[in-house]
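Worksheet: the structure to be examined is printed underneath.
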Amino acid sequence: MKDPVTLSTGISYDRENIEKWLFSFQNKTCPVTKSPLSETDLNNLTPNHTLRRLIQSWCTLNASFGVERIPTPKSPIDKTQILKLINETKKFPEKQHSCLVKLRSIVFESERNKKCLESAGVIEFLASTMKNNLNSSSLSEAAIEILFHLNPSEVHIKSLINNERIQFIESLFHVLKLGSYQSRGYATMLLKSAYEVSDPIQLISVKKSLFEDLMRVLIDKISQQASKAALKLIVELLPWGRNRIKAVEGGAVLVLIELLFDVSERRACELILTGLDQLCGCAEGRAELLNHGAGVAIVSKKILRVSHVASDRGVRILSSICRYSANSRVLHEMLQVGAVSKLCLVLQVDSNFKTKEKAKEILKLHSSIWKNSTCIPVPLLSSYP
């Protein structure tokens with residue numbers, strides 16, 4: 001322990017770990033006794049000075065063995081101090097930078113500090129700071145970093161969206177387009193959280209430029225977390241209104257196909273194939289996939305190689321193409337790149353029932369062209385319906 005504190009149950013814990021238990025994981029009980037803790041208990045962790053001094057004494061006695069003495073911890077920040085800092089910054093805007101530096105230091109100190117900052121209205125303060133300093137990249141990017149690490153709840157996010165004065169989503173768009181690599185990653189993850197609680201009208205009214213900016217996040221590979229957030233956001237937005245066409249015009253199909261070549265993580269592959277499946281629900285999306293020299297090949301390659309979900313989405317993509325965009329060239333390409341053989345294999349292996357039915361449906365649809373083809377290995381022809 002570095003900073004022992006005692007709960008109302010009489011059990012002592014290291015401050016960092018018990019705050020993670022209580023605030024990050026939102027447990028409301030004492031880990032040892034399982035006794036429930038009230039809000040007052042949660043906000044009043046009593047420093048165990050006696051135990052801390054014993055620990056420091058032991059460290060001093062064992063200094064010759066390389067044990068470093070634990071410094072006396074600082075007193076926890078309280079809401080009054082935060083409010084004073086914010087109010088002072090509102091009166092003197094020139095102090096914004098130093099204020100953000102202090103807030104950043106506070107937010108990284110402990111989980112309890114994050115709750116303290118929330119209760120003092122720091123989330124709204126940071127969103128306003130972003131909006132008022134879009135022309136000052138250092139201030140807006142400092143604000144978005146702190147806001148991201150505060151991990152605002154759904155209630156807070158919805159409050160920011162509905163506050164017309166703050167213009168939260170517009171501020172995130174600005175950072176997503178013009179911010180640094182890291183800030184664009186933060187903006188992507190916050191936008192994902194925002195659209196998860198948005199009204200249908202907000203989901204329908206997104207612009208093509210949003211998809212263009214999300215494609216840049218995926219191409220730049222800012223971070224695995226940002227890429228996954230971008231993919232989840234795309235999948236969330238595509239079913240609404242004309243978003244599929246906007247995404248196609250924003251280059252989504254080509255970018256997602258290219259990502260399939262390098263993706264190794266299961267969930268990311270599933271999200272990419274889910275996005276392509278949704279995009280192939282419109283003629284423009286299917287045309288873009290077929291215009292890519294390796295679109296059909298890479299989709300069929302992922303079937304039966306990643307997961308049941310990925311296989312299902314891959315078969316659905318091939319189904320959309322075969323139903324609505326099949327011509328002689330496309331059908332022969334599917335034979336040559338092994339897509340038809342893969343569909344036959346789906347019928348032979350242990351896969352999802354609906355996926356098998358979809359594969360059978362595709363094979364029956366074009367059996368006059370495919371059934372007697374020499375491109376299909378003989379062992380697989382036996383399963384042709």
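The values are calculated or read from the model by the stated rules, or taken from the named source; none is laboratory data. Everything numeric here is computed off the predicted structure, so don't read it as measured data. Positions of Cβ are backbone-derived with ideal geometry, glycine not excepted, and every protein chain shown enters the neighbour counts. For accessibility, only protein heavy atoms count, side chains too; no ligands or nucleic acids. Shrake-Rupley method; radii C 1.70, N 1.55, O 1.52, S 1.80 Å.
Observations on the structure shown:
- Residue in segment 314-349 that is most open to solvent (accessible area, probe 1.4 Å), counting only those that are under 17 Å from P379 (Cβ atoms) and part of a loop (DSSP other than H, G, I, E, B): V349
- Residue that is farthest from the chain's Cα centre (by Cα) [pool: residues in segment 364-375 that are open to solvent by 80 Å² or more (accessible area, probe 1.4 Å), of a type outside the set (S, T, Y) and more than 16 Å from R323 (Cβ to Cβ)]: N372
- Unmet requirement for D199, which otherwise passes all of (1) surrounded by fewer than 16 Cβ atoms within 10 Å (Cβ to Cβ); (2) modelled with pLDDT of 95 or more; (3) of a type outside the set (A, V, I, L, M): (2)
- In the set (1) surrounded by fewer than 16 Cβ atoms within 10 Å (Cβ to Cβ); (2) in a helix (DSSP H, G or I); (3) free of Cβ contacts under 8 Å to residues at least 40 places away in the same chain; (4) of a type outside the set (V, I, T), the condition left unmet by E361 is number (3).
- The lone exception for P239 - which of (1) within 26 Å of L160 (Cα to Cα); (2) part of a helix (DSSP H, G or I); (3) not acidic (D, E) it fails: (2)
- Checking T40 against (1) among the hydroxyl-bearing types (S, T, Y); (2) surrounded by fewer than 10 Cβ atoms within 10 Å (Cβ to Cβ); (3) over 11 Å from L7 (Cα atoms), the condition it does not meet: (3)
- Pairs linking a residue in segment 246-270 that is closer than 22 Å to D312 by Cβ and open to solvent by 20 Å² or more (accessible area, probe 1.4 Å) to a residue that is at pLDDT 95 or above and of a type in the set (F, W, Y), with Cβ atoms under 8 Å and 6 or more positions apart or on different chains, do not occur.
- Those helices (runs of 4 or more DSSP H) of segment 156-234 in which at least 3 residues are of a type in the set (D, E, K, R) and closer than 24 Å to E124 by Cα, considering only elements entirely within it, cover 181-196.
- Which listed residue, of I70, I82, is surrounded by 12 or more Cβ atoms within 10 Å (Cβ to Cβ), of a type outside the set (D, E) and assigned to a helix (DSSP H, G or I): I82
- Unique residue being within 25 Å of Q81 (Cβ to Cβ), open to solvent by 40 Å² or more (accessible area, probe 1.4 Å) and touching a residue at least 60 places away in the same chain (Cβ under 8 Å) when the list is R104, R112: R112
- Here V309 qualifies as within 36 Å of the chain's Cα centre (by Cα) and open to solvent by 30 Å² or more (accessible area, probe 1.4 Å).
- Scanning segment 1-28 for residues being out of contact with any Phe, Trp or Tyr (no Cβ under 9 Å at 6 or more places or on another chain), over 21 Å from V107 (Cβ atoms) and among the polar types (S, T, N, Q) gives a total of 3.
- For N135, the conditions (1) part of a helix (DSSP H, G or I); (2) free of Cβ contacts under 8 Å to residues at least 12 places away in the same chain; (3) over 24 Å from N243 (Cα atoms) all hold with the exception of (1).
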